[in-house]
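Student: Got a structure for you, questions after.
Please treat every number below as a calculation from the coordinates, not as lab data. Here the structure is a predicted model, which means the values were calculated and not measured. We place every Cβ from the backbone using ideal geometry, glycine too, and count neighbours over all the protein chains shown.
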Amino acid sequence: MSDANNTNPKRSGIIGRITDVRFSDLVILFFLCVLVGLVLAFFNVDPADLWVDFFATVGEAWNSFFGGLGELLGNALKYFFLGAVVIVPIWLVWHVLRAVLRR
């Protein structure tokens, strides 16, 4: 049989390989766009600002991330010490009582 009978010939050449896009490629591209959009929304990045001034927008997102991270760690330490004021004395009493009662 010849290639003339083939209804879906294999595309050859660089242009053929570039334009050979499957439906699964489009679905993956869609979900990657949504995922990156959610990440950018988390960092309060406006797509218009990203196009206008890329490096300033990335810098603002960087500062926002590390500013938020510092605030998160500060709050975590505050609640750690608040809980430690209650838990550590109870643990010490429990530990001493177990040691004394263990004989």
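Student: If you line up the long axis of helix 23-42 against the longest principal axis of the chain, both from Cα atoms, how many degrees apart are they, to the nearest 10?
Tutor: Long axis of 23-42 versus the principal axis of the chain: about 40 degrees.
Student: Can you tell me how much longer the chain between Leu82 and Leu35 gets when fully stretched, taken as 0.36 nm per residue apart minus their C-alpha distance, in nm with one decimal?
Tutor: Numbers: separation 47, 0.36 × 47 = 16.92 nm, distance 3.68 nm.
Once the chain is fully extended between Leu82 and Leu35, it gains 13.2 nm.
Student: For the chain, modelled as a Gaussian network with Cα springs under 10 Å, which listed residue fluctuates most, Gly37, Gly74, Gly16?
Tutor: In this elastic network of the chain, the residue with the biggest mean-square fluctuation among Gly37, Gly74, Gly16 is Gly16.
Student: Sticking with this one: Measure nothing fancy, just the Cα-based angle from helix 54-102's long axis to the longest principal axis of the chain, in degrees from 0 to 90, nearest 10.
Tutor: Roughly 40 degrees between the two axes.
Student: Moving to a separate point now. What does the extension gain come out to for Leu72 and Leu97, with contour length at 0.36 nm per residue minus their alpha carbon separation? Don't jump to the answer; show the numbers that get you there.
Tutor: Details: separation 25, 0.36 × 25 = 9.00 nm, distance 3.65 nm.
5.3 nm is the gain from fully extending Leu72 to Leu97.
Student: Putting +1 on Lys and Arg Cβ atoms and -1 on Asp and Glu Cβ atoms, find which of Gly59, Ile18, Val36 reaches farthest to the positive end of the dipole of region 3-73.
Tutor: After comparing all options, I get Ile18.
Student: May I pose another question? Sort the chain into rounded, prolate or oblate with this rule: let a ≥ b ≥ c be the square roots of the eigenvalues of the Cα gyration tensor; rounded if a/c is under 1.5, and if a/c is not under 1.5, prolate when a/b is larger than b/c, oblate otherwise.
Tutor: Working: a/c = 6.74, a/b = 2.27, b/c = 2.97.
Oblate, because a/c is 1.5 or more while a/b does not exceed b/c.
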